[in-house]
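Read the figures in this text as sums done on the coordinates, not as results from a lab. Computed from a prediction, not measured in an experiment: that's the story for all the values here. Ideal geometry is used to build each Cβ from the backbone, glycine not excepted, and the neighbour counts take in all protein chains shown.
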Amino acid sequence: MTRKQKHMLYRIFLAVVLFAAGSLLPLSATMETGVFLLCYAVIGWDIVWKAITNILHGQIFDENFLMTIATIGALFLGEHSEGVAVMLFYQVGEWFQSYAVSKSRRSIASLMDIRPDYANVERNGKLEQVDPDEVQIGDIIVVKPGERVPLDGKIIKGTSALDTSALTGESMPRDVEPGMEVISGCINQTGILTIQTSKEFGESTVSKILDLVENASDKKGKTENFISRFARYYTPIVVIAALILAILPPLVIGQPFSVWIYRALTFLVISCPCALVISIPLSFFGGIGGASKIGVLVKGSNYLEALARAEMVVFDKTGTLTKGSFAVSEIKAVGMKDSQLLELAAYAEDYSNHPISQSIKKAYGENIDKTRIGDVQEIAGHGVRAVIDGKVVFAGNAKLMDKENISYIPSSAIGTIIYLSYDGKYAGSIVIEDEIKADAPAAIKALKTVGVRRTVMLTGDADAVGKKVAGRLGLDQAYTELLPADKVDRVEDMLKQTSEKGKLVFVGDGINDAPVLARADVGIAMGALGSDAAIEAADVVLMTDEPSKIASVIQIARKTIRIANQNIIFALGIKILVLILGALGYANMWAAVFADVGVSVIAILNAIRAMRVSKFIPPVH
């Protein structure tokens, strides 16, 4: 609880005591009036002062004005207890709203509490604790266990486990060692790390993320904009209506002015739009905060609103649905064991750092005895010739087998095929493919579960490769052999196929797919931990490599819109009902208190539900 909230609580307590004294003690009429006026001054002076200052600044029609006119009018009519009660309960509601909003903000602040307080810079053999802004590119910093990594950089000494949960929502620590890149905002858990910085603090990952979160509220959705416009016109209209209600009926039907003035004042209290003005932005704020809990950064409530209407999700393949790294998927040996064929391939490819060579060596998993390798020659466009244990080994494509007049068995497998011969005879083939992410099949199922109508994949890969990946994942459609410009054209075509209110979401790596990310209704960057380009290009940023979080954030978005709509219908419905009853004389000031404060509190409690997301994450395994 803030200091201001505590101070307000003391005022409420004192006002309750004075209100009870004025209502229950056997006081004279003058004493009773004095106690109620004192109570009103204690609890309502700030509202009256805000109304006066706002009028002086040209902002007449706000809730402070409505509350001041209504309660002071009630005091003048002799309805002291009701006038004071309305102000008291209004302040109770305001306190509750303030507490709820600050609690929600603190919750998001704790989720995004990634701003480092200091950096340990190594200068002249000693460590100096400085502000992260003072650290230059290339400086050496030391991060001790329990400290937050203050800037992006490369580890030059030390091993440790990093807690990335504030950035990714993942509880599993990430092991790091010399040569690896680290980003600011992570917490060092075990060992001491010596890091050479690669960016200034203003350009670091932590700064970009903080800026993104802090500015998310600037981009309002249609619902929020509607409420802002609604309040702007609604308040003057109800003030004019109250004025007509106070003057016209007494002149037409001859009843006392005091009766209709009381009804008009009640009408003003009921009409306060606080439930809408506070609860709707709070719903979106909660939804954005809820998404950040699972490591998804949404750049504004307009994108959250668009996600709620996601009808088609289009994926890039490499780096999004697949790992973008090769792996051995099939070994077919002839005249030897599969393990022997893999060993020959690993030894033949030992000299190379090509991704395909690396995948073969990774699959082999043993140390290479370089004394067994003799002459190695690369045959451009074909493969490699190596002498292993004194025998000639050829490893490469079908053209290499044809060139060396080696009779081989053509493989019908989809992927990159490496044929091998040993001592002049065909030895078998190895198939290498881009690995599908473990999370990807479940992600597509989850999207279907949450009601996404179509899932599509775009790739520059060969048709057979693309169709195979799409089939494994259960995608509705795959477009293959596309150039970057072709991807934009395909998205343009698919945008025409969505319904009037439906939205197209494109998911890519945020680096090579910037044009398509920009053209889609919502661009989502996958696995953006440390990727500046992804954070800049996309509307929604997934900090981890898990496509299943797309379904999760769609559900969060839909829940947020549902809560906002519930609040609009509930608040307007109750207000319209009580406004009619107030105008007809069936609702007094106490009913007005419920219509204003009660509705606000209920709407805000409902809005806070948007922060709770754990139950709404679809199962991915």
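Some observations on this one:
- Principal axes of region 323-435: Cα extent on each, largest first, Å: 37, 30, 29
- Exposure proxy order (Cβ contacts within 10 Å, fewest to most) of 323, 299, 425: 425, 323, 299
- Restraint check, 208/549; 4/299; 323/448; 425/467; 337/361; 448/501, Cα-Cα greater than 25 Å: 4/299; 425/467
- Whole-number percent relative contact order across the chain, with pairs defined as alpha carbons under 8 Å at least 6 apart: 15 percent
- Long-range HN-HN contacts of residue 186 with modeled amide H, under 5 Å: 149
- Summary of the geometry: region 319-386 and region 1-55, compared by the centres of their Cα atoms, lie 82 Å apart.
- In plain terms, the residue of 118, 408, 303 with the fewest other Cβ atoms within 10 Å comes first and the most crowded comes last, giving 118, 408, 303.
- Taken about its Cα centre, region 365-475 carries a charge dipole of roughly 660 debye when the Cβ of each Lys and Arg holds +1 and the Cβ of each Asp and Glu holds -1.
- Antiparallel bridges, percent of DSSP beta bridges restricted to the chain (to nearest 5): 75 percent
- Net charge dipole, the chain: roughly 1940 debye, given to the nearest 20, about the Cα centre with Cβ charges of +1 for Lys and Arg and -1 for Asp and Glu.
- Local electrostatic count, residue 414, Cβ distance below 15 Å [Lys/Arg +1, Asp/Glu -1]: -2
- Solvent-free Debye scattering, log10 I(q)/I(0), computed from the Cα coordinates of the chain at q = 0.05, 0.06 Å⁻¹: -0.37, -0.50
- Ranked list, fewest to most other Cβ atoms within 10 Å of each Cβ, for 563, 574: 574, 563
- Positive-end residue, the chain charge dipole about Cα centroid, Cβ charges, pick of 443, 153, 376: 443
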